[in-house]
There are 2 protein chains.
Amino acid sequence: MALLFHATGWSQEEWLEELAHQAPWLDVRTAENIGDPEDITHALVWKPPAGLLAGLPSLRLIISAGAGVDHLLSRPDLPDVPISRVVDPDLTRRMGEYVAQQALMHLRRQRDFDACQRRREWCSDIVPPTAPEVTCGIMGLGALGAESARLLRLLGFRVAGWARTRRYIEGMRCHAGPEELNEFLAATDILVCLLPLTPETEGILNTDLFRRLRQDGPLGGPVLINAGRGRLQKDADILAALEEGTLKAVSLDVFETEPLPQESPLWNHPAVTVTPHVAAVSSPRAVVAYALRQIARMERGEPPENLVERQRGY
Amino acid sequence: MALLFHATGWSQEEWLEELAHQAPWLDVRTAENIGDPEDITHALVWKPPAGLLAGLPSLRLIISAGAGVDHLLSRPDLPDVPISRVVDPDLTRRMGEYVAQQALMHLRRQRDFDACQRRREWCSDIVPPTAPEVTCGIMGLGALGAESARLLRLLGFRVAGWARTRRYIEGMRCHAGPEELNEFLAATDILVCLLPLTPETEGILNTDLFRRLRQDGPLGGPVLINAGRGRLQKDADILAALEEGTLKAVSLDVFETEPLPQESPLWNHPAVTVTPHVAAVSSPRAVVAYALRQIARMERGEPPENLVERQRGY
């Protein structure tokens, strides 16, 4: 039994140290030091390079080190073994804090006050609305969407949800499927997108959808917060919607291309808040603990948690 | 029976309309149209001009249209009648939302990400802490402080409080008096000031106090949020503390002089967020309803609510 670890774009060192710290008994291999491929029974990966997972005859479980699994499901060389995606309270909490912060920033018209401050102007005639006047609509009601909804409700916002299938969350109306999307959007002032990236959701945040949002709400126009995946959105459609006034402002943590290219007009648009895919980071400590728990469950003959259904894409 | 209304700096029209709307039977007078001074039994005022309240022999109650009463207590011409200061759920909610928004903005290092965005820099190595790692310390535990503490606790922050006298609020430690101030400050990462302005509290937010805040916390230094009164703080000491690193950042809704003078260096300091005394506005609808309720209580022989104790200053 051996664990193959690979995380593209993250510090390998920090993760290997965490594995050695939490599981000194575990035989950990890397892409550079894979040894006999027949030894590899588990893989903990983030965006593994093409081919890495293909030639492993003993592989029994793939653990995705992040909440999204689009980095795995899109590849043709993916072996037919179970995939467990991390659900981690620390990551979930961070996402809730990010969404709450951005929603409050738009509620309280912070960007308007920022502009006044730059002009040294005492804009005391700007009176922000209060949370009960504003409806946040959450697209995607998994662990991250549910936690965001919980915090927004505690802050006093009206909250509704939308997901592919019917979900039941206390204290909020949950819409389901394409046939209930219009109704959901028409009541939404702040759209929070935490959908998984699948063939069905790719590019869902587009001109057509933005035009269906509530246009006469208390924020002076609808606001978009996307902290899901960049390819859920059309960057160009967001810019066009801001120009035509269909969107008032956006907070984007993710982008079609990451890092966001230097030349992107999103960087210096006054109604765009850019954060560099940091809403919810995977902490090595939490993810390694999660991975070890899944390995232990399999050893005991129990199924791993949060198994991905390939046909639905998450 | 007649009500004298005067609010310096606010739109008289809007308030008079609201009074006419909610109490068409009420005889409302203004400074310009006061009629026989002997008729005036109640006064609803904000920063009344000197002398206005002095020659009213029938005056039985003064209602302060804002939460603070320093605009009244500081004047020598104040008649010796009860003063009721508005406590209004709408104003209280707005304050909680302001404090939650500013605290989350500092937690999530939004100003650092703003600076990255201006430089078109993908700063994905900035990892904000989470709320349970951060202690918010609330100075002033009246209605506004208690609501702010409640929201911050719901968001996951650790919260402590400090007030002149011992207060008991579920789920948080409340320090009392000068002898417990040091202990309170030494554990505080985000200091939220919602004290009333009194001779005891004037200038309390000064260099000496800033140096006693927790200096090695997870935000890289202590943060100040003042949404109480401007004269609680020394503007110059705030700038000096930012320079020496005793404060990491500040959010100020109030200032020693308001509007903040054009030439103030606070306007363009990168670690200062200026809002123009808008954290919690008095809505005419809510304040007028409050004033009418107090008048009705007196008519029924009940004491008005939220009576000011002059010797303590609030």
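The values are calculated or read from the model by the stated rules, or taken from the named source; none is laboratory data. What you are looking at is a predicted structure, and each value in this text was computed from that prediction instead of being measured. Glycine gets a Cβ as well: all are built from the backbone with ideal geometry, and neighbour counts include every protein chain shown. SASA here: full protein model, heavy atoms, side chains in, ligands and nucleic acids out. Shrake-Rupley method; radii C 1.70, N 1.55, O 1.52, S 1.80 Å.
Here is how the numbers come out for the structure above:
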| item | result |
| --- | --- |
| Alpha carbon centroid spacing (whole Å) that separates region B:243-305 from region B:34-83 | 21 Å |
| A:C123 accessible area, 1.4 Å probe, all protein chains in place, Å² to nearest 10 | 10 Å² |
| Unpaired by the 4.7 Å Cβ criterion, cysteines found in chain A | A:C136, A:C174, A:C193 |
| J(HN,Hα) series, region B:106-120, from Karplus relation 6.51 cos²θ - 1.76 cosθ + 1.60, nearest Hz, glycine and proline x | 6, 4, 7, 6, 4, 5, 5, 5, 4, 5, 4, 4, 4, 8, 6 |
| Local net charge near A:H42, Cβ-Cβ under 13 Å (Lys/Arg +1, Asp/Glu -1) | +1 |
| Karplus-derived HN-Hα couplings along region B:206-219 (A = 6.51, B = -1.76, C = 1.60, θ = phi - 60°), whole Hz, x at Gly and Pro | 10, 3, 4, 5, 4, 5, 8, 6, 4, 9, 10, x, x, 8 |
| Diffusion coefficient, µm² s⁻¹, Stokes-Einstein with Kirkwood Rh over alpha-carbon pairs of region B:72-175 at 4 °C and 1.567 mPa s | 80 µm²/s |
| Convex hull volume per residue for region B:222-314, taking Cα atoms only, in Å³ | 129 Å³ |
| Loop-resident sites, region A:97-168, for trypsin sites (Lys or Arg not before Pro), counting at most 14 other Cβ within 10 Å (DSSP) | A:R119, A:R166 |
| Percent RCO, i.e. relative contact order, over chain B, from Cα pairs under 8 Å lying at least 6 residues apart | 17 percent |
| Amide H partners (placed H, <5 Å) of A:T273, local residues excluded | A:V250, A:S251, A:L252 |
| Sites A:R75 and B:N268, calculated FRET efficiency, Cβ-Cβ separation with R0 45 Å, nearest 0.05 | 0.35 |
| Amide H contacts under 5 Å for A:R158, placed H, 5+ residues apart | A:V134, A:C136 |
| Nearest-first distances (nm) between copies at A:D125, label 7 Å from Cα via Cβ | 4.6 |
| Chymotrypsin sites (Phe, Trp or Tyr not before Pro) within region B:16-119, DSSP loop, no more than 14 other Cβ atoms inside 10 Å | B:W25 |
| GluC sites (Glu not before Pro) within region B:130-172: DSSP coil, no more than 12 neighbouring Cβ in 10 Å | B:E170 |
| Relative contact order %, region B:90-274, counting alpha carbon pairs below 8 Å whose residues are six or more apart | 17 percent |
| 3J(HN,Hα) from dihedral phi, region A:265-281, Karplus parametrisation 6.51/-1.76/1.60, rounded to Hz, x for glycine, proline | x, 5, 3, 10, 7, x, 9, 10, 9, 9, 10, x, 6, 10, 3, 9, 7 |
| B:S251, B:S124, B:S282, A:S74, reordered so the largest accessible area comes first (probe 1.4 Å) | A:S74, B:S124, B:S282, B:S251 |
| Antiparallel content of DSSP bridges confined to the protein assembly as shown, in %, to 5 | 5 percent |
| Square roots of five times the Cα gyration tensor eigenvalues for region B:111-154, Å | 32, 13, 7 |
| Shielding score for A:128-138, defined as the mean number of other chain Cβ atoms within 10 Å | 2 |
| Gyration tensor verdict on region B:39-106 (Cα atoms; rounded if a/c is under 1.5, prolate if a/b is larger than b/c, oblate otherwise) | prolate |
| Largest-first principal axis extents, alpha carbons of region A:178-243, Å | 32, 27, 19 |
| Quotient of Cα Rg and 2.2 N^0.38 Å for chain B, N being how many residues it contains | 1.09 |
| Cut-off under 5 Å, modelled amide H: who pairs with A:R173 long-range | A:G161 |
| Calculated P(r) of the protein assembly as shown - Cα pairs past 33 Å, % | 53 percent |
| Relative intensity, log₁₀ I(q)/I(0), of region B:117-197 from a Debye sum that treats every alpha carbon as a point, q = 0.15 Å⁻¹ | -0.54 |
| P(r) of region B:144-189 over all Cα-Cα pairs, binned every 5 Å from zero, in whole percent | 5, 23, 31, 26, 12, 2 |
| Projected area averaged over orientations for region A:90-274, convex hull of C-alpha atoms, nm² | 10.7 nm² |
| Cα lying deepest toward the dipole's positive end in the protein assembly as shown, options A:V274, B:V86, A:G68, charges on Cβ | B:V86 |
